[in-house]
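Below: one structure, written as structure tokens.
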Amino acid sequence: MTEELPDRYSAADVEQRIYQWWESKGYFKAQDVSTKPPFCIILPPPNVTGQLHMGHALDHTIQDVLIRWKRMSGFNALWLPGTDHAGIATQMVVERELKKKGESRREMGREEFVARVWEWKRQYGSRIYAQMKRLGDSCDWDRAVFTLDEGVSKAVRKVFVDLYKRNLIYKGQRLINWSWPLETAISDLEVEHRETKGSLWYVEYPVEGSDDKLTVATTRPETMLGDTAVAVHPEDDRYKRLIGKSAKLPLSGRLVPIIADEYVDKSFGSGVVKITPAHDFNDYQVGNRHGLPMINILEKNGLLNANAGPYEGMKVLDARKKIVEDLKAGGFLAKEEAHKHSVGYCSRSGAVVEPFLSEQWFVRTKPLAVQARRTVESGTTRFEPEMWTKTYLHWMEIIEDWCISRQLWWGHRVPAWHCADCGHVTVAETDPASCEKCQGTNLGQDEDVLDTWFSSALWPFSTMGWPGETETLKTFYPTNVLVTGHDIIFFWVARMMMMGLEFMRDVPFRKVLIHGLVRDQDGKKMSKSAGNSADPVELIETYGADALRFTIMAQIASGRDLKFSEQRLEGYRNFMNKIWNATRFSLAALKDFQAPADGEKASPNRSDMSAADHWIISRTQSVAKEVEAHMEEDRFSEAANALYHFVWNDFCDWYLELVKPIIYGAVSAERSATQLVLAQTLNRMMRLLHPFIPFITEEIWQKLPIRSEALIVDSYPTQRTDKDWFATASKDAVFEMEVVKEVIAAIRNIRGENSIKPGQAIKVRLAPADGRVQKILGENKVVIMRLARLEDVEIGEAGNLAKCALTPVRLPEASVDVIVPLEGVIDIAEEVKRIHKATEKIQKDMGVLTKKLGNENFVKNAPEELVLADRAQVEQFRAQLERLRDSLSRLQ
């Protein structure tokens, strides 16, 4: 006997219950020692402060689909989870909480503050794990790692000390991004560039010893207080005579050299630029080339310092306003223009980021980048899509030293101790008792912590127990694939490559799978401020995790951004309902079915099977082959859509309809065979769907007559694993079914094209090209009449085609003309009018597109996919016009 399913599928009732059952059974766990081939993905660690967003939903769904597919394909599959301590983000969250209570970090001191952050982490740090579980993430949770765990901290210290001793880490003064409200260095990733309305001030710099003046345009006039040169292009004839002379800084009168550098664009503006090495990254490079002094005009808190003279102690914007007034008063301001330009803002504090000359800890990355570049060039690690290889290699060519220190309290503290007695710095893996140089005990640890990306760079091996030689490392390193977004190729992927090669002597992953961003339905970037962001947890509560997962996977195109719409999500929720209802019907049809002892290996006698049974087995084989090929090449949307069409069209719309008379008929060998085919097809359908929609498939699986204990660990259907079952299908029977199916589809199309109501019984003539096809049509006449809703069907000659609709059915070994007499069925005169009207509209629309495609500028500049889509639309219009002309010729 077969169990029944409830009338309606309720994701809310099923998903969390199923997930808890999976966890309790240990189905997510991988083994350090196993005879199965290993497959490993390291989860890009979300911030411990984070909440699941649509980017996570995309990223995690891809990874979970891969892990579930590989687990079912016989691999020892490990998805290793973890969270990032997120230095700045976490510190800010806790500081905000303290502020509400009237407390401050500075007042309580470092030790107590860090203790408070750990307390916050213990209370809220697992929140994102709970949300990941709602999505269905099948991670090995027993292995979950936090970037400040003892094991990771040990790895961080060892790497720091090792690189320091080899002079690959040093402390020095360089230009960095500075967030003055936070009083810390920040990474480029934490700088958000926005188009900002401002002004462009044209300031005149007098040339010493002459009446000449050099006009310099600037958006930041306050930085002129730190100018140490004025630069022109060496080939600019207007200024060649001035190179080597000096210019006077307006307001201060300080002399700066006029230098020549190819960095200057002589065609832009006046062709003269001010050089402020301590407050501009490009100027910093120029300053180093010419040995210019670096004058810092800012304090750490963002106020101007003593180098600013009378403007000392002022905020940047206040100083800017006052300096512009003084330039006007002194006759130095030539003009002022409104100007829109890109300004960097701190993503954490919202303040303008200041390029700031500061003493920090740095990694010398150029030596580390050499091998990391070669392994990608050789294909040892490859990017998918391949276009991102060029991006990675370009960044590795222009790589600069990496600022790894942050002026925070939460994070991995720099393992360096300053000796107050002799000034020596001791760098060590364990806290030293004395100075390694003078043996003095007056030591103080460096106040800075390490950039979060430093510990993240070690993630693929620090999570597996390195620097110990663990079984986990032996089995799962290097990992198989990293799934991530293109925005962190440099910040994370490149650094993991460098550190993995340096300390493990192998790449951290074989493939880097780059996905796009999730955008709204109009292609706009999602953001809370724009009001177009979607909360995946809320969507899961409304539509279910499976619907969200399938919506994502069905739309992923290689590396491209995904347009998300709730309407599409609703459509895929309907797909879940379709699967549920089709299964309910099937289980009802299997109520008296006795499951065979040999389970999935059982097959019926071929002679007892209907043509529809043979056909659905063949279609299952085709879709299994198609899905396997797509999954091997990371074509997830193609795999998802192949499954969608198989379930909705082949199984629900065709197979179930075809076998209803057999199922509802008397007990017979044919009925028993169909029941077995139906049960086996349901079994394979759930297995094929499971990686994409795990919850509903596992719930259904537990009610199926042919099943194992758990779908999650059953085998994935392929040509190899299910070859005996697929061999059951007869090619002749499959061919027979394809002919019948195409004829019925042609009749349905004629109904649609001629506005004949679905319930209206009509007469049809079928004109086959040979006796074999005629025999097939004759034997399936009852099926054709039932599914096409016909009053009668004649099989023979085509006859008179006047006032008839005709659709030719052409298969590789079969040809049939489907003819529907229209007189008395439709209003012929009205149909002629409709055809004329439709023809005019198509011709008009085709004319617009043809004109657009005839525009060379459009074809040259428009996105390639848009041009291809327009060309395909034109061809579709041509085909539609041809059909309309044929229809018109037969009606007149």
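The values are calculated or read from the model by the stated rules, or taken from the named source; none is laboratory data. Keep in mind it's a predicted model, so treat the numbers as computed, not measured. Cβ coordinates were reconstructed from backbone atoms using ideal geometry, including for glycine residues, and neighbour counts include every protein chain displayed. The accessibility values were calculated without ligands, DNA or RNA, using every heavy atom of the protein model including side chains. Shrake-Rupley method; radii C 1.70, N 1.55, O 1.52, S 1.80 Å.
Points to keep in mind about this one:
- Failed condition for residue 49, given (1) modelled with pLDDT of 95 or more; (2) within 30 Å of residue 559 (Cα to Cα); (3) crowded, with 19+ Cβ neighbours inside 10 Å: (1)
- In the range 618-646, the residues that are open to solvent by 30 Å² or more (accessible area, probe 1.4 Å) reach residues that are assigned to a helix (DSSP H, G or I) with C-beta atoms within less than 6 angstrom, at least six apart or across chains, in these pairs: 619/650; 621/726; 626/642; 638/630.
- Restricting 372, 334 to residues that are surrounded by 20 or more Cβ atoms within 10 Å (Cβ to Cβ) and over 22 Å from residue 172 (Cα atoms) narrows the list to 372.
- Leading residue by the ranking (most open to solvent (accessible area, probe 1.4 Å)) among those in the range 418-438 that are closer than 17 Å to residue 163 by Cβ and assigned to a strand (DSSP E or B): 425
- Number of positions in the range 57-104 that are of a type in the set (Gly, Ala, Ser), closer than 29 Å to residue 41 by Cα and either without any contact (Cβ under 8 Å) to a residue 12 or more places away in the chain or crowded, with 24+ Cβ neighbours inside 10 Å (or both): 3
- Those residues of the range 694-720 which are aliphatic (A, V, I, L, M) and not in a helix (DSSP H, G or I), in sequence order: 704, 706, 710
- Qualifying residue in the range 744-754 (condition: farther than 19 Å from residue 781 by Cβ and assigned to a loop (DSSP other than H, G, I, E, B)): yes
- Residue 577 surrounded by fewer than 20 Cβ atoms within 10 Å (Cβ to Cβ) and either in a loop (DSSP other than H, G, I, E, B) or under 15 Å from the mean Cα position of the chain (by Cα) (or both): no
- Verdict on residue 521 being surrounded by 17 or more Cβ atoms within 10 Å (Cβ to Cβ), closer than 29 Å to residue 14 by Cβ and either touching a strand residue (DSSP E or B) at 6+ places or on another chain (Cβ under 8 Å) or among the charged types (D, E, K, R) (or both): no
- Of the residues making up the range 345-398, those that are under 25 Å from residue 502 (Cα atoms) and among the small types (Gly, Ala, Ser) are 369, 372, 378, 379.
- Hits in the range 688-709 (condition: surrounded by fewer than 24 Cβ atoms within 10 Å (Cβ to Cβ) and either in contact with a Phe, Trp or Tyr (Cβ under 7 Å, 6 or more places away or on another chain) or among the small types (Gly, Ala, Ser) (or both)): 705, 707, 708
- Number of the condition not met by residue 274 [criteria: (1) surrounded by 18 or more Cβ atoms within 10 Å (Cβ to Cβ); (2) basic (Lys, Arg); (3) assigned to a helix (DSSP H, G or I)]: (3)
- Among residues of the range 833-869 being aliphatic (A, V, I, L, M) and under 28 Å from residue 822 (Cβ atoms), the one that is least open to solvent (accessible area, probe 1.4 Å) is 835.
- Which numbered condition residue 394 misses (of (1) under 27 Å from the mean Cα position of the chain (by Cα); (2) open to solvent by less than 20 Å² (accessible area, probe 1.4 Å); (3) not polar (S, T, N, Q)): (2)
- Checking each residue of the range 552-560 against the condition of being within 26 Å of residue 513 (Cα to Cα), at pLDDT below 95 and loosely packed, with under 15 Cβ neighbours inside 10 Å gives at least one match.
- Under the condition of being outside any loop (DSSP other than H, G, I, E, B), open to solvent by less than 30 Å² (accessible area, probe 1.4 Å) and within 24 Å of residue 175 (Cβ to Cβ), the residues counted in the range 242-259 number 4.
- Extreme residue, farthest from the chain's Cα centre (by Cα), among residues of the range 870-892 that are surrounded by 12 or more Cβ atoms within 10 Å (Cβ to Cβ) and more than 17 Å from residue 753 (Cα to Cα): 874
- Residue 734 assigned to a helix (DSSP H, G or I), buried (at least 16 other Cβ atoms within 10 Å of the Cβ) and modelled with pLDDT under 95: yes
- Residue count for the range 755-768 satisfying the condition of being open to solvent by less than 60 Å² (accessible area, probe 1.4 Å) and outside any loop (DSSP other than H, G, I, E, B): 6.
- In the set 47, 76, only one residue is under 26 Å from residue 462 (Cβ atoms), touching a helix residue (DSSP H, G or I) at 6+ places or on another chain (Cβ under 6 Å) and of a type in the set (S, T, N, Q); that residue is 47.
- Here residue 691 meets the list (1) assigned to a helix (DSSP H, G or I); (2) closer than 30 Å to residue 133 by Cβ almost entirely, failing just condition (1).
- Some residue of the range 364-375 being β-branched (Val, Ile, Thr), touching a Leu at 6+ places or on another chain (Cβ under 8 Å) and not in a strand (DSSP E or B): yes
- Pair list, Cβ under 9 Å, 6 or more apart: the range 454-470 residue farther than 18 Å from residue 498 by Cα, other residue in a loop (DSSP other than H, G, I, E, B) and acidic (Asp, Glu): 470/32
- Hits in the range 174-214 - residues which are among the hydroxyl-bearing types (Ser, Thr, Tyr), surrounded by 15 or more Cβ atoms within 10 Å (Cβ to Cβ) and either touching a Cys at 6+ places or on another chain (Cβ under 6 Å) or part of a strand (DSSP E or B) (or both): 179, 184, 202, 205
- Qualifying residue in the range 27-36 (condition: over 28 Å from residue 148 (Cα atoms) and free of Cβ contacts under 8 Å to residues at least 12 places away in the same chain): yes
- Within the range 592-599, at least one residue is farther than 28 Å from residue 15 by Cβ, surrounded by 16 or more Cβ atoms within 10 Å (Cβ to Cβ) and out of contact with any strand residue (DSSP E or B) (no Cβ under 7 Å at 6 or more places or on another chain).
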